[in-house]
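Single-structure report; data block below.
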Amino acid sequence: MQWDIVHCLRPTLTQILFKTLLVERQSANLTGNSGHGKSRTMEDVRKIAKAQGIQVALLNLKECRLDYLNFLKSLAIQLELKKINFESFSVLTDELFADKNRFFLVLIDNLEVLNDYKSNDPRYNAQFVSSLNLLKDKKENILLLCASREWLNYVHFDNETLLLALHRLEINTLSQEEISRELHRRLAPHDLLANESQQRQVRKAVQDSKKPYTRLEMLISKLKTLYTSRNFDKQLKTWLNDER
């Protein structure tokens, strides 16, 4: 099975994710440090799945952590359910399981929010994690892809700890080729793309960063608006110093 991965930040990783989800039928947990581009990869997966006619929803749990009902409503709307107001995640997933004529892909970004904040909406609880496990285990017409800094093998609440243990896939370091392709996708036409020495400096600056994707986004923004070929060395140093 082939997927249109030409516009993806990490084509090889995206291919592996789709193989894991749609061929091996395993729900998965994409892990990696902040600033490495997990959210961009999740968005790449969403776009490809949607283009192939898969009912897909992408939720950022950090944005929904204080409003459980809004999380459910957004999920229902993105999955194009007839009903959009649900009282619990388990009721919503029952609706998905009952719709045997469609395949659903649920993407949840920043899943570590479940462990990181005590101030989450209290309805993100053990029952919520049990419903995630149901998606993971039943594998009928729904699959789950989550992203988090570290593998969420366990989710901790005040009085109990629940096992989640999604199949772990770690985000890879951005390669020179991946950085170069992104520069060409996002900048063309641009004078920098005709200067291999300057491109090399940009690629090195990205790979040297502790948050390479965050830096890549910053540099692309600067290059679009502030770039001058003659003073590029000084410009680049200034941009990197300002970043700190």
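The values are calculated or read from the model by the stated rules, or taken from the named source; none is laboratory data. The shown structure was predicted, so the numbers you read here are calculated from the model rather than taken from an experiment. Neighbour counts run over all protein chains shown; Cβ positions are idealised from the backbone, glycine included. These accessible areas exclude ligands, DNA and RNA; they are computed on the full protein's heavy atoms, side chains included. Shrake-Rupley method; radii C 1.70, N 1.55, O 1.52, S 1.80 Å.
A compact table of results
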{"item": "Two-decimal Rg/Rh across the chain, once Rg and the Kirkwood Rh are taken from alpha-carbon atoms", "result": "1.03"}
{"item": "Taking the chain and dividing mean pair separation by its residue count, relative contact order in percent (alpha carbons under 8 Å, at least six apart)", "result": "23 percent"}
{"item": "Length-normalised contact order for the range 100-244 - Cα pairs under 8 Å, 6+ apart - percent", "result": "18 percent"}
{"item": "For Phe104, residues with placed amide H under 5 Å, excluding near neighbours", "result": "Ile142, Leu143"}
{"item": "Amide proton proximity set for Asn29, modelled H, under 5 Å, gap of 5+", "result": "Cys146, His167, Arg168, Leu169"}
{"item": "Largest-first ellipsoid semi-axes for the range 33-112, taking √(5λ) over the Cα gyration tensor eigenvalues, angstrom", "result": "22, 17, 9"}
{"item": "Amide H within-cut-off set for Leu164, under 5 Å, with H built and near neighbours excluded", "result": "Tyr154, Val155"}
{"item": "Solvent-accessible surface (1.4 angstrom probe) belonging to Asp44, in square angstrom, nearest 10", "result": "10 Å²"}
{"item": "For Ser221, net neighbour charge (Lys/Arg +1, Asp/Glu -1) across residues whose Cβ lies under 15 Å away", "result": "+3"}
{"item": "Summed side-chain charge close to Asp109 - residues other than Asp109 whose Cβ falls under 13 Å, Lys, Arg +1, Asp, Glu -1", "result": "+2"}
{"item": "Amide N of the range 93-123 lying under 14 Å from the label point, which is placed 7 angstrom from the Cα of Asp67 along Cα→Cβ", "result": "121"}
{"item": "Normalised contact order of the range 1-103, rounded percent, pairs of Cα under 8 Å and 6 or more residues apart", "result": "18 percent"}
{"item": "Value of [θ]222 nm, deg cm²/dmol, for the chain, DSSP H segments ≥ 4, -39500 (n - 2.57) each, nearest 500", "result": "-14000 deg cm²/dmol"}
